[in-house]
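Report on the structure given below.
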């Protein structure tokens, strides 16, 4: 399956914080660099997301802002 | 200024493709790893975004999905 | 590949309107029911999106609002 | 009221999972086809969202990605 | 029609910048306070968006970030 | 720090509703005009968001829709 989302960053799940509806998933994408995702609890369960699992963080380009010092 | 957005990834602008309203900006965040952003042309001009400029890609956690093989 | 996005609706591309950065893609997901997507021109080209192609419209649950009469 | 959001898909609420802040609402938009929405609990209460209620799922075109096999 | 989107801010259109696919619309919501929206050109035409028109800017709560000095 | 997000509206926090993962924050941006944000609980804690605190609501232009009567 190919996706139109331009950003697919591989990493490993570090932690999962579970709520009733949403979960926060922290993914380490490089040593010391983490990406944080909030997805539904159902998706966490469907994909078997738990610490140690290899995933990719996927972001649509229009959701990415830029900052400059 | 502190922001609630959980993802702030530093990198260097590689290319800017300009449209009338939006621009596509490619940012290298690690050797061989690129993040693509679509922002308004006005923001590109306001921030002086051009190849070589150091920026941070900013993404709200609720905009980050996960995929698993 | 499994994705956390909860909405994946199959359909067939009806039209593609191209801009310099973004394209508008109309997908028929049921007789008379269309879903409209705006993605980058690069993605349209990478995925070979053109009228007649079978795709799935993918939407993160947190991007879906509800209305009621 | 007319809205700029290009996607407005009618359906019937199938289930509501309540959290403290957000709720997950499943809407059947065609036989066997469901759309999942995450909205605030306050909105669920304000709109009287519960199983059986007729709603429309609303999505901005820029939030719709495409996938292709 | 009632919508789940929690933010509906009334204002008057100040300017419309047209692209092939998207348009940038600037809305004055209070004296000196502007909100900027990027929507499809088709929506601009469908809603008759042009300077002087009264509209409301609509934003899903999950799209709103916070910053603090 | 300069950000590409086009909308930065100053206001004062009115209330914070806490969930396990997300919090709903209501910000008064003008007398009688409120903006509602849903951000992670971690961000609420990192930024010290509580009633009375001055913040800015930040929204990417592509997340802003328009409605018209």
Helix-only [θ] at 222 nm, the protein assembly as shown, -39500 (n - 2.57) per DSSP H run of 4+, per residue, nearest 500, equals -2500 deg cm²/dmol
In Å, the Kirkwood hydrodynamic radius from C-alpha pairs for the protein assembly as shown sits at 21.1 Å
Here the correct list, in nm and shortest first, of distances from residue A:32 to the same site in the other copies, label points 7 Å along Cα→Cβ, is 2.1, 4.3, 5.3, 5.3, 6.1
Rounded to the angstrom and largest first, Cα extents along the principal axes for chain C equal 35, 29, 23
Length-normalised contact order of chain F, Cα under 8 Å, at least 6 apart, in percent, tallies to 39 percent
Mean-square fluctuation maximum in Gaussian network of chain C, Cα pairs under 10 Å, restricted to C:16, C:38, C:55, hits C:38
Taking the alpha-carbon centre of each part, the distance from chain D to region F:12-28 in Å is 23 Å
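Would you mind giving the mean number of other chain beta-carbons within 10 Å of the Cβ of each residue in F:42-55, as a whole number?
Working: counts 7, 10, 2, 0, 5, 6, 2, 3, 0, 0, 0, 2, 2, 7.
So the per-residue partner count for this stretch is 3.
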Taking a label point 7 Å from the Cα of residue F:17 along Cα-to-Cβ, the residues of region F:31-69 whose backbone nitrogen sits under 20 Å from it are F:32-45, F:49-53, F:57-58
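Return E:54, D:69 ranked ascending by Cβ neighbour count within 10 Å, so the fewest neighbours appear first.
Values: E:54 11, D:69 8.
By the 10 Å Cβ count, ascending: D:69, E:54.
Values quoted throughout were computed directly from the atomic coordinates according to the rules given, and no laboratory measurement underlies them. Computed from a prediction, not measured in an experiment: that's the story for all the values here. Please note: Cβ atoms are built from the backbone with ideal geometry, for glycine as well, and neighbour counts cover all protein chains shown.
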